[in-house]
């Protein structure tokens with residue numbers, strides 16, 4: 001598949017919008033919110049961002065597998081290897097509980113901690129908002145390289161364009 005300039009421009013515009021409307025607000029919360037305040041909303045937006053990226057990435061190859069498989073695969077394929085030990089928990093125990101129940105049982109979310117990010121303490125994995133955002137942004141950057149530029153991957157581009165078409169995105 002050859003990526004035509006107009007497709008690359010559309011993808012670039014959509015990714016720019018994703019950065020502006022999703023990633024930048026998360027960054028603002030993580031880096032500019034008073035440390036004494038809870039970063040629950042930042043983690044909720046991180047879960048939504050991963051969900052969105054995973055649905056873009058695996059819209060064709062995992063179309064019938066369900067959201068959980070796409071979410072877990074995005075973590076596995078784009079996040080640092082350290083997430084592999086919690087990948088399966090990330091969908092049900094992180095994303096679903098935060099978005100649908102406004103709570104989490106298997107994770108301890110923090111903005112600062114004496115414990116390391118992903119360290120298991122008292123049966124829960126510690127998630128630190130700054131590190132989680134950095135890892136999300138790096139995962140997004142890796143995915144973006146698969147979509148545009150000289151190193152883009154045809155299968156990834158095909159999935160993205162399929163997703164955009166399914167969602168009826170209008171490109172101007």
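The table below gives the values:
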| quantity | calculated |
| --- | --- |
| Top-ranked residue of segment 56-82 - restricted to ones that are at pLDDT below 90, out of contact with any helix residue (DSSP H, G or I) (no Cβ under 6 Å at 6 or more places or on another chain) and part of a helix (DSSP H, G or I), ranked as nearest to residue 24 (Cα to Cα) | 67 |
| Verdict on residue 109 being part of a helix (DSSP H, G or I), touching a helix residue (DSSP H, G or I) at 6+ places or on another chain (Cβ under 7 Å) and modelled with pLDDT of 85 or more | no |
| Total residues in segment 68-88, condition surrounded by 15 or more Cβ atoms within 10 Å (Cβ to Cβ) and farther than 24 Å from residue 145 by Cβ | 2 |
| Verdict on residue 28 being closer than 15 Å to residue 129 by Cβ, at pLDDT 90 or above, surrounded by fewer than 17 Cβ atoms within 10 Å (Cβ to Cβ) and more than 13 Å from the chain's Cα centre (by Cα) | yes |
| Residue within segment 88-97 that is under 26 Å from residue 154 (Cβ atoms), in contact (Cβ under 8 Å) with a residue 24 or more places away in the chain and part of a helix (DSSP H, G or I) present | no |
| Given (1) closer than 23 Å to residue 164 by Cβ; (2) modelled with pLDDT under 90, number of the condition residue 101 does not satisfy | (1) |
| Matching entry among 106, 110 (being more than 15 Å from the chain's Cα centre (by Cα) and free of Cβ contacts under 8 Å to residues at least 60 places away in the same chain) | 106 |
| Meets criteria (at pLDDT 90 or above and in a helix (DSSP H, G or I)) for residue 142 | yes |
| Residue selected from segment 126-146 under the condition without any contact (Cβ under 8 Å) to a residue 40 or more places away in the chain and touching a strand residue (DSSP E or B) at 6+ places or on another chain (Cβ under 6 Å), by the criterion surrounded by the fewest Cβ atoms within 10 Å (Cβ to Cβ) | 126 |
| Residues of segment 53-67 satisfying the condition of being surrounded by fewer than 20 Cβ atoms within 10 Å (Cβ to Cβ), within 29 Å of residue 123 (Cα to Cα) and under 15 Å from the mean Cα position of the chain (by Cα) | 67 |
| Odd one out for residue 35, checked against (1) modelled with pLDDT under 90; (2) crowded, with 19+ Cβ neighbours inside 10 Å | (2) |
| Matching residues in segment 113-124 - criterion: being farther than 16 Å from residue 30 by Cβ and within 18 Å of the chain's Cα centre (by Cα) | 118 |
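The values are calculated or read from the model by the stated rules, or taken from the named source; none is laboratory data. Computed from a predicted model, the values in this text were never measured in an experiment. Don't worry about glycine lacking a Cβ; one is built from the backbone with ideal geometry, like all the others, and counts go over all protein chains shown.
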